[in-house]
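Here's the structure we're looking at; comments come further down.
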Amino acid sequence: HDEFSGKHRGANNIFLISADDMNLCHMGDIGEPFSAKLCDQLLPVDILFIPIGGVYTIDYSEAKKYIEYIKPKIVIPMHYKTKNLQIQIQSIDSFISNCNKEDLINKNSNEINFEKEDLSQEKTKIVVLN
């Protein structure tokens, strides 16, 4: 949960879910800097949920390292500043301003459904939920 092996904020849980021939990875509140060793334990990943807000988790620059190594088909950023959040963490703006706009999908929803066929593209897509 932090860059000191959990000594400051405790342990973090990462969830790997395989369903309908798709592999999902929820990185929890990971605060650990990029680790190829950790990533190798997670692969393969089709859909990656990753925090980007910094302070209590990794920020967008560390998230980018994980994304580039894991190479998921879909990335869903999480744990970032929203209008009703009182915690001072980074907003989604820092993350999406560093993304290729053609790879960005803004959903006007808090829900999304995926089928295996939705993962056929070669490049990673970034899906931003409400």
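The values are calculated or read from the model by the stated rules, or taken from the named source; none is laboratory data. Because the structure is predicted, anything quoted here is derived from the model rather than measured. For neighbour counting, all protein chains shown are included, and Cβ atoms are generated from backbone atoms with ideal geometry for every residue, glycine included. Keep in mind that these areas ignore ligands, DNA and RNA; they rest on the heavy atoms of the full protein, side chains included. Shrake-Rupley method; radii C 1.70, N 1.55, O 1.52, S 1.80 Å.
Pick out, in residue order, every one of the trypsin sites (Lys or Arg not before Pro) in segment 1-78 that is DSSP loop and has at most 16 other C-beta atoms within 10 Å; say none if there are none.
Hits after loop and neighbour filter: 7, 9.
Can you tell me the accessible area per residue over the chain, all protein chains present, probe 1.4 angstrom, in square angstrom?
Heavy-atom SASA per residue in the chain reads 60 Å².
State the percentage of accessible surface on segment 45-130 attributable to carbon and sulfur atoms; use a 1.4 Å probe and exclude ligands, DNA and RNA.
On segment 45-130, the fraction of accessible area on carbon and sulfur atoms equals 46 percent.
For the chain, give me the percentage of DSSP beta bridges that are antiparallel, rounded to the nearest 5 percent.
Percent antiparallel among DSSP bridges in the chain is about 30.
Give me the percent relative contact order of the chain, please, defined on Cα pairs under 8 angstrom at least 6 residues apart. Spell out each step's value before the answer.
Working: 244 pairs, mean separation 26.5, N = 130.
Across the chain, relative contact order equals 20 percent.
Residue-wise, which Karplus ³J(HN,Hα) couplings in Hz belong to segment 88-103, taking 6.51 cos²θ - 1.76 cosθ + 1.60, θ = phi - 60°, and x for glycine or proline?
3J(HN,Hα) across segment 88-103, in whole Hz: 8, 10, 5, 7, 5, 4, 4, 6, 6, 5, 9, 9, 5, 4, 5, 9.
Not counting the cut sites, what is the longest span of the chain without GluC sites (Glu not before Pro) that DSSP labels loop and that have at most 14 other Cβ atoms within 10 Å?
Formally, the longest exposed-site-free interval is 4-110.
What list of whole percents do you get for P(r) of the chain, with Cα-Cα distances grouped in 10 Å bins up to the one holding the largest distance?
12, 45, 35, 8, 0
In segment 92-130, which trypsin sites (Lys or Arg not before Pro) fall in coil by DSSP and have 16 or fewer other Cβ atoms within 10 Å?
107, 123
Of all beta bridges DSSP finds with both residues in segment 1-64, what is the antiparallel percent, to the nearest 5?
If I count the DSSP bridges inside segment 1-64, around 65 percent turn out antiparallel.
Which net charge results when you count Lys and Arg as +1 and Asp and Glu as -1 among the other residues whose beta-carbon is under 14 Å from that of residue 100?
Residues near residue 100 contribute 0 overall.
For segment 25-81, what does the equivalent ellipsoid look like in terms of its semi-axes, each the square root of 5 times an eigenvalue of the Cα gyration tensor, given largest first in whole Å? The partial results should precede the final answer.
Values: eigenvalues 55, 30, 16 Å².
After diagonalising the Cα gyration tensor, the semi-axes are 17, 12, 9 Å.
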